[in-house]
Each structure stands twice: as structure tokens, then as C-alpha cells.
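Chemist: Structure provided below as C-alpha cells; questions to follow.
Each value in this text was obtained by applying a stated rule to the coordinates, not by laboratory testing. This is a predicted model, so every value here is computed, not measured. Every residue, glycine as well, gets a Cβ built from its backbone with ideal geometry; the counts of neighbours run over all protein chains shown.
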Amino acid sequence: MFLHFAAAVMAFAVVTTAPVEAVPALVPAADREVVFTVDGTATYGTLHIPAHRAGQRLRAAMLLPGSGPTDRDGNQPPALTPNTLAQLADEFGGDRVATLRFDKYGTGRTGLGAYHDHPEELDYPAYVRQARAAYALLRDQPETDPHAMLVVGHSEGAMTALLLGGTVRPRPAGLALLQPQAIRLLDLVALQLKAQIAEATRQGQLTPEQQTAIEAAVDAAVTAVREHRPVDTTDLPPSIAQLFEAFQGVSGRFVNSDDAVYPPDTAAALRPGTRVLLTCGTRDPQVPCATTDALTAALRRAHVGGPGRVTLPGVDHLLHDTDHPDAFAPAVLDALDRFVER
């Protein structure tokens with residue numbers, strides 16, 4: 001009897017003296033200013049790390065801006081400040097996804113960098129190399145799970161995301177292509193210009209004959225730019241003539257190298273099963289939904305995962321609708337939530 005009692009006491013002692021496993025400390029959310037160098041240019045960005053347990057590895061998304069001088073927050077100050085990428089960082093942070101956004105060439109603290117004295121040499125592949133270096137920086141952060149990387153691009157940035165998706169290592173687990181540049185650049189420009197010309201005709205500012213002549217001149221101008229010939233501006237309105245003259249000036253190398261990319265061709269390099277979201281807004285004149293048809297078909301042939309193409313009713317190019325002119329439309333938030341689901 002005594003022996004049984006003693007054994008019970010010893011067993012109780014073993015249980016009660018076992019060490020209690022410590023709970024990792026909670027690290028609060030924080031923004032970190034980062035800098036990385038590519039092609040001799042110091043590139044500046046913001047790394048957002050959401051609240052997490054010490055030692056925890058997080059999903060992480062690189063955010064890529066649209067065309068033109070669009071900075072890390074998705075702005076072209078002072079005139080255009082929708083904060084597209086800053087809002088994306090907030091949304092992903094709420095889902096405990098770390099984000100990196102940066103000032104690409106010609107914007108913010110980065111500026112033109114190594115191209116300051118010869119901007120005419122800046123081409124689209126330089127922007128892709130810059131984004132690839134940013135991806136590596138994000139991948140190597142101590143809080144990042146390198147096998148749960150995402151690339152999120154808006155407009156032209158979506159085309160860059162596609163290119164990275166088939167070339168970086170490790171391959172991203174997901175791509176979000178928001179209102180993407182999904183056809184060749186000059187074809188998209190011609191489409192946008194013709195829509196504006198048709199609207200001017202509808203409002204009585206042009207005759208049908210003038211519309212036909214201008215549209216033919218636009219097509220001829222696109223061909224001239226691609227063949228590196230001077231553009232005949234005779235039948236072009238002054239604003240359109242200036243646009244094509246700029247395409248053959250300092251921006252010529254960038255325009256031609258960007259126009260050389262046909263986004264549907266890049267989809268074949270994606271890893272099968274890669275999670276892909278492609279959005280198009282019904283109120284987006286810059287990227288009409290029809291321009292994403294070929295890319296959507298190419299993604300299907302590449303056997304990528306969902307959600308796939310999501311049409312956003314009433315949403316414009318900046319991801320707003322009439323009820324939410326300064327914030328993401330509810331349909332956008334819903335699409336993003338579907339994308340970040342595990």
C-alpha cells in the first residue's frame with residue numbers, strides 16, 4: 001500500500017514540475033525604410049511588417065506601381081494622389097501579409113539614379129531588373145516565408161509581375177494582376193486614343209470623316225514608331241501629335257522595349273498551380289475588359305490556379321467606384337480577400 005502511494009506521489013511530482021513552454025513575444029506592426037542597389041542605383045522603399053509572433057515567418061507581397069512617374073505609394077504628386085499601393089499595403093497588412101513597395105526609376109527618393117545624365121538610355125528591362133532586386137530583398141527578410149511570396153502589380157506593374165512570375169526564384173505562390181496592361185503598349189495606346197476620338201465625334205466635336213482620318217493617322221503613327229521612322233503628324237490633333245513625338249524622343253527606348261512585350265506570351269513560364277487574380281473594371285477606359293481576353297486564355301493554358309479573372313462592376317482604373325471615389329471599391333476588397341485566402 002505504501003509503495004503504491006509513494007509511486008503516485010512521484011508520478012504527481014513529475015507532472016507538476018514539467019517545464020512550461022514559453023509563448024513567443026508579440027512583435028508589433030512596423031514600417032521599415034529599406035534601400036537596395038541595382039545597376040548602380042540606390043532604390044528606396046517601405047517594408048511593412050504586420051504584427052506577428054517573434055520568429056514567425058509571414059507571407060509577403062511585393063507591390064508594383066502603374067505606368068508613368070508613379071511612386072511607392074501609387075501616386076504622381078502633386079496632381080494625382082490615389083495612394084493605390086499604400087492602400088494595398090494596408091489591406092494586405094490586415095491579412096498579416098508583409099509588403100514591400102519602392103520608388104521606381106524617376107520617382108520619390110530614387111529618382112533617375114544612374115540614368116540621371118542619360119535618361120534616354122532607360123528602358124523597360126531596367127524596371128524589371130529593379131523589381132527583381134526588390135523581390136530578392138523581400139525574400140531575404142527574416143520575417144518572410146520565401147515559399148509564400150506574392151507579387152501584386154497594378155496596370156503596367158501587372159505586366160512586370162507576370163514577367164517576374166516566370167523568372168524569379170523561388171517562384172511566387174501567387175500573382176495579383178490588377179487592371180493589367182494585357183496587350184502590347186502601343187496597341188493599348190491606340191485603343192485608348194480611338195475611344196477618345198469616338199467620344200469627341202459623339203459629342204459633335206468631330207465629323208465622322210475627321211474621325212476616320214484621325215484613326216488612320218494613329219495607326220500610321222504606331223507603325224512608324226515600331227519601325228523607327230518619323231511620325232507624320234499632318235492629320236493628328238496637336239495633343240496626339242505631341243504624344244507620338246514624345247514616344248520618339250527621350251522616352252523612345254522605353255516605349256519600344258515595353259511595346260516588345262506581349263503579356264499573354266509570358267504566362268507560359270508560370271508554374272502550374274500558381275494562384276492568379278486578374279481584375280478588370282467595367283468603368284476602366286484605360287484597360288477595357290476585352291483587352292484581357294487573350295491573357296485570360298493564356299493563363300488557363302498555363303494551368304494556373306484561381307481566382308482567375310474577376311470583373312469588377314462600376315470600377316475604374318484606380319480601383320474606385322462612384323460611391324467610393326477615394327478608396328477601394330467593395331468589389332475590389334472582395335477580390336483581394338479571395339486572393340489572399342490560404
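Chemist: With +1 on the Cβ of every Lys and Arg and -1 on the Cβ of every Asp and Glu, and nothing else charged, how large is the dipole of the chain about its Cα centre, in debye rounded to the nearest 20?
Modeler: 1460 debye
Chemist: ³J(HN,Hα) across region 186-195 via Karplus (A = 6.51, B = -1.76, C = 1.60, θ = phi - 60°), whole Hz, x for Gly/Pro?
Modeler: 5, 5, 5, 4, 4, 4, 5, 5, 5, 5
Chemist: OK, next. If we count every other residue with Cβ under 12 angstrom of Gln87's Cβ, Lys/Arg +1 and Asp/Glu -1, where does the sum land?
Modeler: Result for the local shell: -3.
Chemist: Could you tell me which residue out of Thr233, Gln203, Gln179 lies farthest along the dipole of the chain toward its positive end? Charges go on the beta carbon: Lys and Arg +1, Asp and Glu -1, centred on the Cα centre.
Modeler: It is Gln179, whose Cα lies furthest towards the positive end.
Chemist: Grab the other residues whose beta carbon is less than 13 angstrom from that of Gly281, score K and R as +1, D and E as -1, and report the net.
Modeler: With Lys, Arg at +1 and Asp, Glu at -1, the net is -1.
Chemist: Report the one residue of Phe244, Leu191, Ala131 whose Cα lies farthest in the direction of the positive end of the charge dipole of the chain (charges on C-beta: Lys and Arg +1, Asp and Glu -1; origin at the Cα centre).
Modeler: So the residue we want is Ala131.
Chemist: Just to check, using Stokes-Einstein with a Kirkwood Rh over alpha carbon pairs, what's the diffusion coefficient of the chain at 37 °C and 0.692 mPa s in µm²/s?
Modeler: It comes out at roughly 149 µm²/s.
Chemist: Out of every Cα-Cα pair in region 220-272, what percent are more than 17 Å apart?
Modeler: Percentage above 17 Å: 44.
Chemist: Starting from the amide H of Ser67, placed 1.01 Å from N in the peptide plane, find each other amide H under 5 Å away whose residue is 5 or more places distant or on another chain.
Modeler: Those qualifying (amide H under 5 Å, at least 5 residues apart or on another chain) are Glu156, Gly157.
Chemist: At q = 0.13, 0.15, 0.23, 0.28 Å⁻¹, work out log10 I(q)/I(0) for region 186-257 with the Debye formula, treating every Cα as an identical point scatterer and leaving solvent out; two decimals please.
Modeler: Treating every Cα as an identical point scatterer, log10 I(q)/I(0) equals -0.35, -0.46, -0.99, -1.35.
Chemist: Give the long-range amide H neighbours of Val304: residues separated by 5 or more places, or on another chain, with amide H under 5 Å away, using H modelled in the peptide plane at 1.01 Å from N.
Modeler: Gly273
Chemist: Starting at the first residue of region 27-37, write each ³J(HN,Hα) from the Karplus equation 6.51 cos²θ - 1.76 cosθ + 1.60 with θ = phi - 60°, in whole Hz, x for Gly and Pro.
Modeler: After applying 6.51 cos²θ - 1.76 cosθ + 1.60, I find 9, x, 4, 7, 9, 10, 6, 10, 9, 9, 10 Hz.
Chemist: Helix 156-165 versus the longest principal axis of the chain: what angle, 0 to 90°, nearest 10, using Cα atoms?
Modeler: Computed tilt is about 50 degrees.
Chemist: Toward the positive end of the charge dipole of the chain, about the Cα centre and with charges on Cβ (Lys, Arg +1; Asp, Glu -1), which of Val38, Ala269, Thr81 goes farthest?
Modeler: Ala269
Chemist: Here's something else I'd like to know. Within 10 Å of each residue's Cβ, count the other Cβ atoms and sort Val218, Val168 from fewest upward.
Modeler: Listing Val218, Val168 from fewest to most nearby Cβ atoms yields Val168, Val218.
Chemist: Sequence gap at least 6, Cα distance under 8 Å: using those rules, report the relative contact order of the chain to the nearest whole percent.
Modeler: Contact order relative to length: 14 percent.
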